[in-house]
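Okay, structure first, notes after.
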Amino acid sequence: MNIHGVLVFGLGLVISFCSAAEMTRGPYLQLARQDGITIVWRTDKALKNPRVAYQKEGDRKLSQCAANAILPRGLAGQDKLSKAPEGTIQYEATISGLEPGTSYRYFIFDGDTELLKSDVDHRFSTHPPAGKATPTRIWVVGDSGTGEHHQLLVHRAMQIYTKETKRPLDFYLHVGDMAYGQGTDDQFQKKFFEPYEKTLRNTVCWASLGNHEGSSSDGKKNKGPFFDAFVCPTRGEAGGLPSGSESFYSFDYGDIHVICLNSHDIDRTPQGEMAKWLVRDLANTQANWIMGFWHHPPYTKGTHDSDTEEQLVEMRNHIMPIMEKGGVDMVLSGHSHIYERSMLLDGAYATPTTAKGVIFNDGDGDPKGDGAYLKSEKKTPNNGTVAIVTGHGGALGRNAMGVSPVMRRIVMDHGSTIIDIDGDTLTGVMLDLHGKERDRFSIIKRGVVKQRILENPWTASEETLERTGAGVLGAPKTDADSTKAQQAGAKNISKPMPKNIKALIPKNAQWDYLANGEHPETGMWTQTGYDSREEGWKSGPAGFGYGDGDDRTELKDMRGKFTKIYIRHEFVIPPGTDLKRLGLLINYDDAFVLHVNGKELLSKGITKSKEGKTEIEKHEASGAEYFSLEKFSESFKQGKNVIALEGHNDGKDSSDLSLDPVLLLETEQANH
């Protein structure tokens, strides 16, 4: 009970709430197993006497974690952190000797002082006995680590869904890219631990290394912020065979066997240590359900192409045959910022991927639609797999590179995947950021099912792809915004520049720019906080262009190769500024699109044909033109803003291009 800020336990232990040290990360759960768990947290300075107490749900008896089972990690010493704020100490408390399938509450102290108030959310559950069929709910998220609003909405949608369905999560799989742009310690803090804090304090996240985490973490050496953040099994502590590496491992949850692989920076060939371990691990397990997860998808045509990219091709060519021979039911991945879910397939190892000769069931998998996918009840080699790409937890592509022929459902919108396993039935749901079910399918494992390859399976096409996400090309809102911007451009005729002006973004200011034939993968480039340098952008003074001798940043390689340039500039509008007095002074050739704080406001020289094709009108840069932004004042704000511009040429062989913007503020009197 709690009496005036003092916690009193039945053991006669009295704990106060004051502490000299402040908790800066966590607590969060790691490495759950049948008989124990690891609780991790950080403080801004060393604790005098770190302690963890726990009690079984409904029981007043308080037990203590052994003092020698709490590992402190700082910036020095044998178990040092790779990088963290000065003075940081990370504590990893491993509790053992617990009962399987049991719920507990936990408390963290420095001596007799509790570091955080007791809360019902500070709880954990041990894994059920291996082999025991246990109703299980799993949350699967990928490519979430933007730190943006969409990430929070996806998380919130899951929380509401689990509450409304009265079924909490049992564990959480992250398929990588949880901390853009380079997986640094600070990015982990802001884009993973802080957004998911309430979930992580009572749900274990098992994670796979993504390419963005791989920028600062080494999968071969198991070093870096990723490996600081996660405590993964290396000795078979949670079931499965020991891997000797935190880069790849497995664990058991009742009659479910889960395998995590590193698709990023270690050997993916059959001769590599990971593949050889995988063969042994699959042979060893007798679990009824087997699933694997990693970052790079074996099948995708979203923002990445599994027919052309090395890591993706190798996971399909080398790893999928091992997984399917070992009886896998499902593989989960991310990397491609889209949701894609396959039909029931086997043997799709060819490049390019084809649906011919590899599909067992080409239905939608929905029990209320074409019916669930059927498989044999026991682990059976090559009995059918469902592959899911769920790389839309925060990032989202603007367009797809095509359509993978083996996919049954394709959705370009933010969301995540929830998997429920009840006895012989697995149900998968794609939940979008609004909490709407966008896909539902089931796998039923019952009796003996002898699969047959379909000669002429249904094949996905462009019509299969649902384009609904914010900023996705072809999405209703995106098309509407573009049309609105074109209409605004048609109405917004250039005017004489006001006499009294002040430059908020002056002429020849430094802008970040992307001019190499590539396009921004998502709409995040139009929002504040986008780290363009980490995404490979360059910096240079305006104006941008080629061919007319007056460009400060000359794009020498543009002619004959590409037609678009993207530039962005973050700036501050002072308090008290009249936002209706803003204006854009711009010299351009041939067309431009203006974005402010994530909104497409105005386009000039861009039209759509009757067939819906985008067309660029020719326009010569004969001098700067002034456009009042009064009608768009609500899109600006006092404080930090970002202006993002697309510059378009009417063709690759155009003789020149110009994009030279200045943002002005009309003032009451002349500036001297």
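The values are calculated or read from the model by the stated rules, or taken from the named source; none is laboratory data. Given the structure is predicted, the values throughout are model-derived calculations rather than measurements. So basically every Cβ, Gly included, is an ideal-geometry build from the backbone, and we count neighbours across all protein chains shown. Surface areas here come from the heavy atoms of the whole protein model, side chains and all, with no ligands, DNA or RNA. Shrake-Rupley method; radii C 1.70, N 1.55, O 1.52, S 1.80 Å.
The set of residues in the stretch 173-197 that are open to solvent by 30 Å² or more (accessible area, probe 1.4 Å), under 13 Å from residue 28 (Cβ atoms) and either in contact with a strand residue (DSSP E or B) (Cβ under 7 Å, 6 or more places away or on another chain) or modelled with pLDDT under 95 (or both) contains only 189.
In the stretch 651-663 there is no residue that is charged (D, E, K, R) and more than 27 Å from residue 517 (Cβ to Cβ).
The stretch 406-499 holds strands (runs of 3 or more DSSP E) entirely within its bounds, and those carrying 2 or more residues that are closer than 19 Å to residue 368 by Cβ, of a type in the set (D, E, K, R) and open to solvent by 70 Å² or more (accessible area, probe 1.4 Å) map to 437-445. Restricting the search to the stretch 122-155, which residues are assigned to a helix (DSSP H, G or I) and touching a residue at least 24 places away in the same chain (Cβ under 8 Å)? Residues satisfying the conditions are 150, 151, 152, 153, 154, 155. Cβ-Cβ contacts under 7 Å between residues 6 or more apart (or on different chains), taken from a first residue in the stretch 220-248 that is under 22 Å from residue 128 (Cβ atoms) and open to solvent by 30 Å² or more (accessible area, probe 1.4 Å) to a second residue that is in a loop (DSSP other than H, G, I, E, B) and of a type in the set (A, V, I, L, M, F, W, C), are listed as 237/31. Of the residues making up the stretch 264-298, those that are part of a helix (DSSP H, G or I) and not polar (S, T, N, Q) number 11. Which one is most open to solvent (accessible area, probe 1.4 Å) among residues in the stretch 111-121 that are of a type in the set (Asp, Glu) and either at pLDDT 95 or above or in a loop (DSSP other than H, G, I, E, B) (or both)? Residue satisfying both the conditions and the ranking: 112. For the condition within 20 Å of the chain's Cα centre (by Cα), among the aliphatic types (A, V, I, L, M) and over 24 Å from residue 135 (Cβ atoms), residue 312 qualifies. Considered as a group, the residues in the stretch 528-544 that are in a strand (DSSP E or B) and open to solvent by less than 60 Å² (accessible area, probe 1.4 Å) include one that is nearest to residue 304 (Cα to Cα), and that residue is 539. For the stretch 582-626, a residue qualifies if it is of a type outside the set (S, T, N, Q), surrounded by fewer than 17 Cβ atoms within 10 Å (Cβ to Cβ) and not in a strand (DSSP E or B), and the qualifying residues are 610, 611, 612, 613, 617, 618, 620, 623.
Any residue at all in the stretch 290-301 that's open to solvent by less than 10 Å² (accessible area, probe 1.4 Å), out of contact with any His (no Cβ under 6 Å at 6 or more places or on another chain), touching a residue at least 40 places away in the same chain (Cβ under 8 Å) and charged (D, E, K, R)? No, the stretch 290-301 contains no residue that is open to solvent by less than 10 Å² (accessible area, probe 1.4 Å), out of contact with any His (no Cβ under 6 Å at 6 or more places or on another chain), touching a residue at least 40 places away in the same chain (Cβ under 8 Å) and charged (D, E, K, R). The C-beta contact set for the stretch 505-527 (first residue part of a loop (DSSP other than H, G, I, E, B), second residue surrounded by fewer than 18 Cβ atoms within 10 Å (Cβ to Cβ), distance under 7 angstrom, 6+ apart or interchain) comprises 508/541; 508/552; 509/541; 517/561; 517/562; 527/597.
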